Every structure is written in structure tokens, then in C-alpha cells.
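The block underneath contains the structure these notes are about, expressed in C-alpha cells.
Derivation of every value follows stated rules applied to the coordinates shown; laboratory data play no part. Small disclaimer: the values here were computed from a predicted structure and weren't measured. In this analysis, Cβ positions are derived from the backbone assuming ideal geometry, glycine residues included, and neighbour counts consider all displayed protein chains.
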């Protein structure tokens with residue numbers, strides 16, 4: 001039987017989102033001096049555009065290296081995501097078969113909306129207040145793991161990553177497709193796709209979007225409780241639990 005190929009896509013809103021470490025002075029200035037979100041965006045863009053006239057008076061440099069002129073998406077040592085928001089839905093389209101995953105193949109079937117299972121979701125939340133000592137968090141934990149962070153999101157509209165699935169002639173089975181996501185204070189982003197328990201890396205070859213604005217926030221993120229993507233390796237405890245939940249869903 002001839003092979004068939006299907007293209008799965010998320011919605012048409014999303015964008016690039018980064019989470020990175022900045023100085024505590026930078027975070028505290030923009031939390032406690034009645035600065036607006038637009039003020040913070042303008043101040044950050046002053047470094048990207050190398051235009052000191054755009055800077056907010058008295059605002060600290062975002063990083064410890066005062067000679068560094070960072071673009072916002074360079075401050076990304078914790079997370080760097082670029083995809084659709086998960087609340088935009090999913091579609092699948094059969095495309096002309098090709099062994100090449102680097103091109104947007106010609107559609108040969110109708111585009112169908114479907115609701116896949118979410119295999120897991122990583123939490124990447126920050127808070128505006130510094131953490132305090134509790135039964136679950138010591139001062140040593142705070143000193144080592146709590147980081148002042150900048151979260152920056154470029155809101156985009158258009159086409160994002162595609163996930164290609166090949167079959168040996170069978171129809172696409174929506175039950176076999178599931179996805180992972182990353183949850184942040186600014187939005188929940190689509191990450192990886194899976195089909196028949198095999199991970200599919202997102203294909204960005206035809207990513208084309210228009211910017212609709214920016215969202216930015218500062219605060220504190222506890223790396224001790226952060227769900228790094230490296231925790232979800234195939235065969236690891238997080239993935240085993242995720243697949244067990246998936247099997248329970250199928251049985252139900």
C-alpha cells in the first residue's frame with residue numbers, strides 16, 4: 001500500500017517567548033516604581049536598537065554585564081519557545097506524499113479540525129514577590145534556586161510549526177496524535193507532537209507570521225520546582241507517567 005502523509009498544525013496565534021535571568025535590581029525597579037508594561041518594553045528595546053534615548057530614567061541594565069546590548073530574545077537561558085498557543089485548536093490535512101519534511105507539501109485532502117490529547121504540560125510560572133522560607137523551601141533553596149527573570153513574548157498571527165505524520169496507507173488516526181505544552185504566566189505554548197507514541201519534532205520551514213504586539217513581565221522563578229524539558233526524556237519517570245495517563249484515557 002502506498003505511503004500517505006498528513007500535516008498537523010496548531011492555531012494561527014502564538015509567537016516567540018523567552019524566559020531568562022536578569023538582575024534583581026532590574027526586576028525590583030520595574031515592580032516597584034509604577035512603570036507600565038510599555039515602559040519595560042521600551043527600555044528593553046533601547047538595548048536591542050542601541051538607542052540610549054529610549055531608556056527609562058534610573059532603570060538598571062537588565063544583566064550583570066553592563067557592556068552587553070541584549071535583544072529581548074537573547075535573554076533566554078531558562079526557556080525559549082516559538083509556536084502556537086494551545087487554545088487555538090488543531091487541524092490535520094492530507095498532503096502529497098514526499099519523503100522531504102522541509103517543504104510545505106501540496107494539500108490533497110480537506111482540512112479537518114480535531115481535538116488531540118495533551119500528553120503533558122510543563123509549568124514555567126514566575127511570581128512577582130520574592131519567595132519566603134516555608135516547610136518546603138529553605139533559605140538555602142531560595143539562595144540557590146530562585147532567580148530574577150524576564151519573560152517576553154512577541155504575539156504573532158500566521159502559520160507556525162507543522163507536524164508531519166506518515167502512514168503505510170492508513171487514514172490519520174486522531175487518537176494516536178497527542179502533544180506537549182509549556183504553561184507560562186503570559187500564555188500556554190504548543191511544544192512537541194507525538195504520533196503512535198513516537199515524538200515528532202516541529203517543522204518550522206514555512207513559519208510565517210505578522211507581529212501583533214508584545215507582552216512582558218518580570219518576577220522570580222524557582223528553578224527547584226521548574227519543569228525543564230530535559231525531565232521528559234523517553235523512558236524517564238515523567239514520560240512513563242504521561243503515557244500511563246494516556247493509556248487510561250484510551251481505556252475510558
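The table that follows gives values for the structure above.
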{"quantity": "Distance between the stretch 126-165 and the stretch 1-78 - C-alpha centres, whole angstrom", "calculated": "13 Å"}
{"quantity": "Ordering of 174-184, 67-77 by packing [mean C-beta count within 10 Å, highest first]", "calculated": "174-184, 67-77"}
{"quantity": "Where labels lie 7 Å past Cα in the beta-carbon direction, separation of residue 198 and residue 225 in nm", "calculated": "3.9 nm"}
{"quantity": "Mean separation of Cα contacts under 8 Å (6+ apart) over length of the chain, as relative contact order %", "calculated": "29 percent"}
{"quantity": "Relative exposure of 189, 130, judged by other C-beta atoms within 10 Å (fewest first)", "calculated": "130, 189"}
{"quantity": "For peptides 211-217, 139-145, sequence by mean Cβ density within 10 Å, most packed first", "calculated": "211-217, 139-145"}
{"quantity": "Virtual spin-label span in nm between residue 248 and residue 97, 7 Å along Cα→Cβ", "calculated": "3.9 nm"}
{"quantity": "Sequence-separation-based contact order of the stretch 159-236, relative, with Cα cut under 8 Å and 6+ spacing, percent", "calculated": "31 percent"}
{"quantity": "Whole-angstrom Cα spans of the chain along principal axes, big to small", "calculated": "68, 46, 26"}
{"quantity": "Full-extension gain in nm, residue 206 to residue 73, via 0.36 nm per residue minus C-alpha separation", "calculated": "45.8 nm"}
{"quantity": "Protection proxy ranking, peptides 110-121, 160-171, average beta carbon neighbours within 10 Å, highest first", "calculated": "160-171, 110-121"}
{"quantity": "Förster-model FRET efficiency, 45 Å R0, residue 138 and residue 32, C-beta, rounded to 0.05", "calculated": "0.95"}
{"quantity": "Nearest-0.05 FRET efficiency for residue 53 and residue 234, computed from C-beta distance (R0 51 Å)", "calculated": "0.50"}
{"quantity": "Whether the stretch 128-252 is rounded, prolate or oblate, judged on the alpha carbon gyration tensor where a/c under 1.5 counts as rounded", "calculated": "oblate"}
{"quantity": "Inter-probe distance in nm under a simple model that places probes 7 Å from Cα toward Cβ, at residue 80 and residue 66", "calculated": "2.7 nm"}
